[in-house]
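Participant: Okay, handing you the structure first.
The values are calculated or read from the model by the stated rules, or taken from the named source; none is laboratory data. Nothing here was measured: the structure is a model prediction, and the numbers come from that model. FYI the Cβ positions are ideal-geometry reconstructions off the backbone, even for glycines, and counts take in every protein chain you see.
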Amino acid sequence: MTPDTVVKPIRAITWSGAGTADWALVQQCAVGDEDACTRLVTDHQRMVFHLALHLLGDRQEALDLSQEVFLRVFRMLPQFRGQSSLKTWIYRIVVTQASNRQRSWRRRHRALQVTLEDHVAAHGELADAHDEGMPDRQLQRSETVGRVWDALNELPFDQRAAIVLREIDGLSYEEIAASLGVPVGTVKSRLARARQMLRVVLRES
Amino acid sequence: MRSDGCTAIRDRLGLFVDGELTGAERLEVRHHLDRCEECTGELGALDALGDTLRMIAEVAAPHTPDLAGLAAGVVSRSRAEADLSWRAWFGRASGDWQWLIVGAGSIAATVTSALLVSAILAFGPEPERRDSLAGIITDLQSAGVVLAYAAPLTLEQDIVLLSSDDGEPRRVHAAIDRNSPAYWPAVEAHLVEELVWTVNRSRTGARWDDGDPTDRLIQEALLEEITRLRLAEPMMVGRPTSTNVAVSSAIRWRSTGGLP
């Protein structure tokens, strides 16, 4: 491997249909096993919350959406046929619910939305071992992240969902297509447009 | 300088970064990047974008709210929703099978009753009229009813039955309940009394032909008048209603009947 080889972090997620464990968990939940239902939520709650946060850009909205998503998951469990993995299925519900919610919410609360830049500036979460003693670099990174966050929130929802699922959640094109309910070709074009817009922001920063 | 080759490669850089190219395509892009600084810069920009986006996730991660209560809340709400659903209601009813049987039995009984009543109304006999023969018999058998009645035995014979409160036919003088004036308006009671008197006077038995012709005319007139009065008044419970039959029969009163 050459030094300039691009190493892409890929999340360790198995997507090839529902596994035995997934299927057993779903069956237990479907018959009202509360322990199984609790396990289903705890196993997926961080994934759901973070995706909701990245799609909506607001923590409280993401938390509310997480509850809605799991309620919908339980309502729709009898329809789960195991054609995709349980995670894919839940991802799709998150995206659908977020798409429905962001239309009205963003219109109403845009002025009140707290940007990540503000959040980072206030808390300085980006400090790490490399940044210690280098406050200028830390500030620069914080500003960059804040701008990209703002730009991300300005993207059309479909493009935002595609780039979040790819870059943050590390899904393959096929998995993104399944989660968004669109062909792989559409995923490619959405990703290309999203990257184009975000790169402009990065270049300016 | 940017060439056509660069344009083709850059169109695929996103796929290259995402690991979505085939082995041959990936090798082609790799070879181009080895000799094109501009496209390599483009690749770096794409990588930087990805890194920045992943940094967003890193920023948010430490501030993930406490999700410990999420599962309990969701499971509780989900169970409450399920309890309200019709499917759950049906499941409970199925589990409690005796109530299912009671419910099914009630429905079956209701349907059967409705069908029976409908069949009776559609195919059954007409309701009994009080001035019909069956109604008259019913009245005759009703306690406390005093009734003058004539029923044909044959085409030529009519019989006068005078019933008392025990439902048994009696002689005329025993048939009229004089102690029940409430049923009989004064005029009507008087006429009935006259009728009874003339019948008893004119014959010892019940043979009409044995009676005096004058008395017979008087009796017919009395019966007609009694009938007129009774038909003119509103029907009363327990009131004789078949005098009209008696009158019509009395006109063609020709023979005797063996009054008891």
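Participant: Show the residue pairs that are 6+ apart or on different chains and have beta-carbon atoms under 7 Å apart, the first residue being within the stretch B:10-25 and under 16 Å from A:Ser189 (Cα atoms), the second being acidic (Asp, Glu) and not in a loop (DSSP other than H, G, I, E, B).
Facilitator: Correct list of pairs: B:Arg10/B:Glu42; B:Arg12/B:Glu25; B:Leu13/B:Glu42; B:Val17/B:Asp47.
Participant: Within the stretch A:175-197, take every residue that is at the interface with chain B (Cβ under 9 Å from one of its Cβ atoms) and touching a residue at least 24 places away in the same chain (Cβ under 8 Å) and give me the one that is farthest from the chain's Cα centre (by Cα).
Facilitator: Ranking the qualifying residues of the stretch A:175-197, first place goes to A:Arg195.
Participant: For the stretch A:148-173, what are the residues that are in contact with a helix residue (DSSP H, G or I) (Cβ under 7 Å, 6 or more places away or on another chain) and facing chain B (nearest Cβ under 9 Å)?
Facilitator: A:Val148, A:Trp149, A:Leu152, A:Ile163, A:Val164, A:Arg166, A:Glu167, A:Ile168, A:Asp169, A:Tyr173
Participant: Here is a follow-up. Tell me, which residue of the stretch A:124-158 that is modelled with pLDDT of 75 or more and outside any helix (DSSP H, G or I) is surrounded by the fewest Cβ atoms within 10 Å (Cβ to Cβ)?
Facilitator: So the residue we want is A:Pro156.
Participant: Now for a different question. Please go through the stretch A:73-92 and give me each residue that is buried (at least 17 other Cβ atoms within 10 Å of the Cβ), under 21 Å from the mean Cα position of the chain (by Cα) and more than 9 Å from chain B (Cβ to nearest Cβ), ordered by number.
Facilitator: If the condition is that a residue be buried (at least 17 other Cβ atoms within 10 Å of the Cβ), under 21 Å from the mean Cα position of the chain (by Cα) and more than 9 Å from chain B (Cβ to nearest Cβ), then A:Ser84, A:Ser85, A:Leu86, A:Lys87, A:Thr88, A:Trp89, A:Ile90, A:Tyr91 are the ones that fit.
Participant: Which one of these is more than 7 Å from every other protein chain (Cβ to nearest Cβ), farther than 24 Å from A:Leu55 by Cβ, surrounded by fewer than 14 Cβ atoms within 10 Å (Cβ to Cβ) and modelled with pLDDT of 80 or more: B:Glu28, B:Glu42, B:Glu37?
Facilitator: On inspection, the qualifying residue turns out to be B:Glu37.
Participant: I want to confirm something. Restricting to the stretch A:179-193 and keeping residues that are touching a Lys or Arg at 6+ places or on another chain (Cβ under 7 Å) and not in a loop (DSSP other than H, G, I, E, B), which single residue is modelled with the highest pLDDT?
Facilitator: This residue is A:Leu191.
Participant: So which of A:Ala161, A:Ala121 is closer than 20 Å to B:Ala57 by Cα and modelled with pLDDT under 70?
Facilitator: A:Ala121
Participant: Hey, another quick one. Name the one entry in B:Ala71, B:Ala80 that is under 60 Å from the mean Cα position of the chain (by Cα), modelled with pLDDT under 90 and more than 10 Å from chain A (Cβ to nearest Cβ).
Facilitator: B:Ala80
Participant: On the given criteria, is A:Leu63 farther than 17 Å from A:Asn153 by Cβ, at the interface with another protein chain (Cβ under 7 Å from one of its Cβ atoms) and among the aliphatic types (A, V, I, L, M)?
Facilitator: yes
Participant: Being surrounded by fewer than 24 Cβ atoms within 10 Å (Cβ to Cβ) and free of Cβ contacts under 8 Å to residues at least 12 places away in the same chain is the filter here; which residues of the stretch A:51-63 pass it?
Facilitator: Hits for the stretch A:51-63 are A:Arg59, A:Gln60.
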